[in-house]
Every structure is written in C-alpha cells, then in structure tokens.
1. Roughly speaking, what is the centre-to-centre gap between region 235-252 and region 282-300 when only Cα atoms are used, to the nearest Å?
2. Report the FRET efficiency, 1/(1 + (r/R0)^6), for His124 and Ala261, where r is their Cβ-Cβ distance and R0 is 35 Å, rounded to 0.05.
3. Would you mind calculating the gained length between Arg211 and Ser304 on full extension (0.36 nm times residue separation, minus the Cα-Cα distance), in nm to one decimal?
4. List the aspartates and glutamates whose alpha-carbon lies under 14 Å from that of Lys113, not counting same-chain residues fewer than 8 positions away?
5. How big, on average over all directions, is the shadow cast by the Cα convex hull of region 1-134, in nm²?
6. Rank these residues by their accessible area, most exposed first, probe 1.4 Å: Ile27, Ile207.
7. Calculate what fraction, in whole %, of the accessible area of the chain sits on carbon and sulfur atoms when a 1.4 Å probe is rolled over the protein chains.
8. Determine the alpha carbon to alpha carbon distance for each of Lys105/Lys282; Lys24/Lys105; Lys24/Lys299; Lys246/Lys282 and list only those over 22 Å.
Amino acid sequence: MPMHAFEDLPPGFARTLGPLHVTKEDILAFAREYDPQPFHVDEVAAKDSFIGTLIASGWHSCSLNMRLVADGLILDSTSMGSPGIEEVKWVRPVRPGDTLRSHMKVLESRISKSRPSLGLVRFHFDMVNQADETVLTQTNWVMFATRDAEPFSGEGRNVLAAVADSLPGDHPQRELPPISANPFFEDLVIGETEELGSYTFLPDDIIRFARQFDPQRFHVDAEAARHSLFGALCASGWHTASVWMKRMVGHRDRIRAYALAHGQRPARLGPSPGFSNLKWLKPVYAGDTITYRSTVTAKRPSASRPGWGLVFHHNTGTNQHGEEVFAFDGMVFWERRG
C-alpha cells in the first residue's frame, strides 16, 4: 500500500525534497535534445548572449523539480498525474554544479465532485540551489486516489479534460495566418499564429524521458499502464512540454536560416521569465502525433532591458484526432529593431 493517499496530504503538509546535483553534462544533454539555444549548449556563445553564461533550459529546471517530487513523494503515493500547472517562474538560472532541493507545501485539497474516490491536491514548490537561492517557483494540482478507492483503469482520456476544465484559465483554439518571416518585436502582430511543427511520441522515447525525470508507472511500464487511470503507456506532461520547446527552437532556426539567406540579421530571442496556466488536457499516448502552435497575445517594451520587449504567447498541442492535449501561456524577451 502506498504511503501517501489523498487523505495524507492535508493543507499545510510540507516537506523538503532532494538533494539533486546538476552537472554541465546534464545541462548540455537536455538542451541538445530539447532546447539548443546558444546559452544552453555552448559556453563560448553563452558569454555573448542575453545571459552571459551557460545555464540550464527552463524546461530542464521543471523536469528536475519533477524528479525531486517523484522521488520524494509521488512514487510512494496514489498519484494519478497532474491536470496542469498554474504558474512557473524561473527566478534564477540553474547553472553547472548546482545542487537543488525543492521545498514543497500543500496549499489546499478537495475531493472531485464527479469522482468521490479521486482527490485534487494543490502544491507550491520553491526549488532552491546550494546557496538557498530560489531558482524556480511552481504552483500546480496533482490527482490522488483516496485510500479506499477502487482501481481505476483506462478512464484518463476523459478524467484529465474534466479536471483541467474545472481549473482556472481559458484556452480557446485559434486558426490564424502565420506571422512574417523574420519579425522583430515591432513586427509582431497580436492574434497571429505560427505552426511550429509536429512530433510523434514513440514508446522508447516516452520511457527514456520518464526514467530520467518522471518514472511513474504509466510512463515507464506499458503493462502497468494498462491497469492505470490512463489505460496505456503515455508521455510525461513535462515530455510533452519539452517537445514544444524543441519544435519552437526548430522553428526559430528556420526563420534564422531564411533571414541569413536573404541578407538580413535575424531577430534574437532572450530567455523566458516563466509561464502560467499550463494544462495537460488529454493523455499523449505512444504513437500519438502532436502538432504545436503559438499565438502572440500581447507585447510591451521592457522597462529593465533597453533594446528588448516582452512578448506574451498562447501555445497549444493538438493530436492527430484534432483534440487539444496541451496548452499554456508563456512570455519571452524579444529583440527590438535597431
């Protein structure tokens, strides 16, 4: 019997998770696969970047926090996954040699109205480095079975959407024309959409990512997944999100190549301060192909960074059936013209 069921996680429950040491090789390996921006993959290039030094991808930081939570709580619990993330703030970079811990606290908990054997627990995490400096904050809900719950099997397709829809946030789908070929901050048009590309989640890739960052049984064991809430092997939500970043960087690389081929200087993007309102609306199963899109929703000049603006964007992932499986609202520093 798992140590922690829904009843064992009342408001006020707190724990420090970790430690977890991060090497330069860890940072490079994740970034080369999912987020190969210069300040994540090249120490020399990073010196001339917005940041000035090699740092971990923000999505890597989120995945590392997931690993801390998995080892410190989730793997010995009745957890049935998360419907989404309210907010993440990347407060400080994670750097090579950092040792991370995560301070966890339960903010609230409630039983699902439609499924009394399923509870929702709202957590807040402060991930800190060896100097006790906060590098990431995160607030999100996790689903837990009650201690006397009957086994769930194969209901995940509907449960995630129902739970996610009950949480704050609005994620309308948009079908709009793409933006210009090499946009600087001034060129971005609010409401226009870019299609970033598609990705097919293969079983080996799902298992490989999950073993490193999110080794819950429905992500690493196809047979065990058959008897879980989801009914089949499915990708970690952080895997789905990291592939969004992979496709975004690939899209930006194509824009850069186009600009250079036409004698233009490509517009640069800086780091992201964080994101909010992330929802995993449906499971991403082995064999699913997800198409990612990004829509500019707002922009403003940066008060703290001359020559840069802050751009806000809404992002989605849609499977081969036309179902939205993933959505979040992000922000990024974007170079201004001249």
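1. Taking the Cα centre of each part, region 235-252 and region 282-300 sit 9 Å apart.
2. Efficiency for this residue pair is about 0.15.
3. Gain on stretching Arg211 to Ser304: 29.5 nm.
4. Partners found: Asp165.
5. 9.1 nm²
6. Ile207, Ile27
7. Whole-percent figure for carbon plus sulfur exposure: 51.
8. Table pairs above 22 Å Cα-Cα are Lys105/Lys282; Lys24/Lys105; Lys24/Lys299.
The values are calculated or read from the model by the stated rules, or taken from the named source; none is laboratory data. Computed from a predicted model, the values in this text were never measured in an experiment. Positions of Cβ are backbone-derived with ideal geometry, glycine not excepted, and every protein chain shown enters the neighbour counts. Accessible surface areas use protein heavy atoms only, side chains included; no ligands, DNA or RNA. Shrake-Rupley method; radii C 1.70, N 1.55, O 1.52, S 1.80 Å.
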